[in-house]
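In what follows, a single structure is set out as structure tokens and then discussed.
The values are calculated or read from the model by the stated rules, or taken from the named source; none is laboratory data. Everything numeric here is computed off the predicted structure, so don't read it as measured data. Cβ placement follows ideal geometry from the backbone for every residue including glycine, while neighbour counts extend to all protein chains displayed.
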Amino acid sequence: MPPLREVNHRIPLIDEGMRYTYHLPHCPDSLKPQLAEKIQLYMKAGWWERASVSQAAPMLCIPKKNRKIRTVVDCQKRNDNTVKDVTPFPDQDQIRMDVARAKYCSKIDLSNAYEQVRIDPNDVPKTAFSTVFGTFLSHVMQQGDCNAPATFHDTIEEHVEHVSLVLDMLVKANFYLERDKVDLFAEKLDCLGHIIDDRGVHVDEDKMARIRNWRKPMNLNEIQQFVGLVEYLAPFMPDVSAYTTPLTGIQRNGHPFLWREIHDRCFQVIKDLACKYPILRPIDPRSDKPIWLVCDTSLYSIGALYGQGPTWQECRPAGFMSKKLTDAQHNYRTFERETLAILEVLLKWEDKLLGFHFKVITDHKALQFLRTQQCLS
């Protein structure tokens with residue numbers, strides 16, 4: 001799902017209560033399999049959602065030159081009732097002339113460009129459209145909306161402005177860029193060791209593959225190398241410190257290296273965690289969805305996540321934390337460890353959570369014991 005940006009698509013209606021009469025949707029038989037596949041793909045991505053509505057514009061299915069499907073919503077009647085965006089468009093003739101004067105040219109084309117722009121959440125109910133497979137709402141901009149070109153132009157202009165500011169500062173400071181490492185208008189970027197796109201932050205698959213393919217450590221140095229890589233990727237691996245702790249303690253206090261069954265189990269669990277890593281989605285301050293902080297503790301470690309979503313079970317994780325307890329903290333009572341977990345995660349994510357309202361999910365029964373204590377040390 002594309003993020004909500006400073007520029008999102010609005011559908012301002014002249015008469016909010018106007019009713020429309022639409023014809024039934026049609027789709028050539030040859031394109032129906034592609035339409036069904038597209039509906040499933042877009043619903044899975046969260047771009048479209050099935051809905052029961054009182055009126056819906058029909059979707060037109062048109063074959064492209066390569067025989068793939070192009071979908072356009074017939075919004076003519078709604079467009080007649082829409083306040084028009086009067087944003088001026090660039091002079092296309094002038095653009096062509098400018099390009100023709102240049103010795104070298106570059107062309108950038110976005111994949112499904114309109115559908116990379118979000119509909120303002122308040123206007124999503126106005127996007128209802130019908131297909132031969134049912135009626136849907138769209139959370140992304142569709143072809144056929146009269147103001148879609150203006151919104152897309154504003155979105156690109158905003159991004160160009162941000163890029164221009166950075167480039168101007170580099171020029172003023174006499175810094176030079178490595179041309180091969182510059183990506184403009186990219187849908188996906190390798191940023192500081194992780195992959196970032198409009199869905200969130202992805203772990204580098206090559207690094208996870210290294211964990212999955214790691215052979216059993218034969219000495220302390222190999223354990224340290226393995227745990228070092230795991231800790232670097234810990235933000236994508238829930239509660240991983242519960243399994244790295246036995247590995248790091250394998251040669252404590254001068255004891256000889258001895259690989260036991262518990263180390264085998266922990267080693268395998270870590271490799272399993274490297275097979276099902278999540279996508280981290282940063283907190284969106286413009287969203288009205290609540291922020292959740294979920295934490296728990298065991299005898300040996302603290303595990304937590306924070307994220308955003310309608311409920312804590314459905315929230316999209318923005319980060320995971322896993323921390324080993326000290327020898328002294330092992331002796332804490334249950335409610336003390338639960339309290340410590342909350343304190344540790346608040347300190348860990350203070351910069352991410354400060355200024356937001358959020359809810360903490362933890363073992364409430366253990367913390368109720370705090371009220372019965374006359375002396376807390």
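Yes or no, residue by residue, for (1) outside the structural domain of Asn122 (by TED's automatic domain parsing); (2) within 30 Å of Gly309 (Cβ to Cβ); (3) in contact with a strand residue (DSSP E or B) (Cβ under 7 Å, 6 or more places away or on another chain):
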position	(1), (2), (3)
Gly17	yes, no, no
Pro33	no, no, no
Lys44	no, yes, no
Val53	no, yes, yes
Lys64	no, no, yes
Lys68	no, no, no
Asn81	no, no, yes
Thr87	no, no, no
**Q.** Extreme residue, surrounded by the fewest Cβ atoms within 10 Å (Cβ to Cβ), among residues of region 252-272 that are touching a residue at least 40 places away in the same chain (Cβ under 8 Å) and under 20 Å from Met321 (Cα atoms)
**A.** Lys271
Q: Among the helices (runs of 4 or more DSSP H) lying completely within region 200-289, list those that include at least 2 residues that are within 21 Å of Lys352 (Cα to Cα).
A: 220-232
Q: Give me the pairs, please: first residue somewhere in region 240-251 and closer than 14 Å to Ser322 by Cα and not assigned by TED's automatic domain parsing to the domain that holds Asp327, second residue anywhere and assigned to a helix (DSSP H, G or I) and among the small types (Gly, Ala, Ser), beta-carbon distance under 8 Å, and either six or more positions apart or on two chains.
A: Val240/Ala234; Ser241/Ala234
Q.
Here's a check for you: in region 86-122, which residue that is modelled with pLDDT under 90, part of a helix (DSSP H, G or I) and closer than 22 Å to Asp74 by Cα is farthest from the chain's Cα centre (by Cα)?
A. Tyr114
Q.
Filter region 332-345 down to the residues that are under 21 Å from Pro317 (Cβ atoms) and touching a residue at least 24 places away in the same chain (Cβ under 8 Å) and list them by number.
A. Glu338, Ala341, Ile342, Glu344, Val345
Q. If we keep just the residues of region 313-362 that are acidic (Asp, Glu) and under 15 Å from Cys295 (Cβ atoms), which is farthest from the chain's Cα centre (by Cα)?
A. Glu336
Q: Would you be able to say whether some residue in region 294-303 is closer than 23 Å to Gly228 by Cα and within 19 Å of the chain's Cα centre (by Cα)?
A: no
Q) So which residues in region 29-85 are farther than 18 Å from Phe133 by Cβ and among the β-branched types (Val, Ile, Thr)? A) Thr82, Val83
(Q) Please verify whether Asp183 is part of a loop (DSSP other than H, G, I, E, B), at pLDDT below 80 and surrounded by fewer than 12 Cβ atoms within 10 Å (Cβ to Cβ), treating the condition exactly as stated. (A) yes
Q. Can you list the strands (runs of 3 or more DSSP E) found entirely within region 1-84 that contain at least 1 residues being within 31 Å of the chain's Cα centre (by Cα) and loosely packed, with under 15 Cβ neighbours inside 10 Å?
A. 48-50, 69-73
Q | Residue that is modelled with the lowest pLDDT [pool: residues in region 50-79 that are charged (D, E, K, R) and out of contact with any Leu (no Cβ under 7 Å at 6 or more places or on another chain)] | A | Lys65
**Q.** Matching entry among Thr155, Thr135 (being among the polar types (S, T, N, Q), closer than 25 Å to Leu41 by Cβ and modelled with pLDDT of 75 or more)
**A.** Thr135
Q) For Thr311, all conditions in the list (1) assigned to a loop (DSSP other than H, G, I, E, B); (2) at pLDDT below 85 hold save one; what is the number of the exception? A) (2)
Q: Answer yes or no as to whether Pro217 is over 17 Å from Lys348 (Cβ atoms), in contact with a Pro (Cβ under 7 Å, 6 or more places away or on another chain), not assigned by TED's automatic domain parsing to the domain that holds Val345 and not acidic (Asp, Glu).
A: no
Q: Identify the single condition in (1) in contact (Cβ under 8 Å) with a residue 12 or more places away in the chain; (2) of a type outside the set (A, V, I, L, M); (3) over 23 Å from Asp120 (Cβ atoms); (4) in the same structural domain as Thr131 (by TED's automatic domain parsing) that His23 does not satisfy, given that it satisfies every other one.
A: (4)
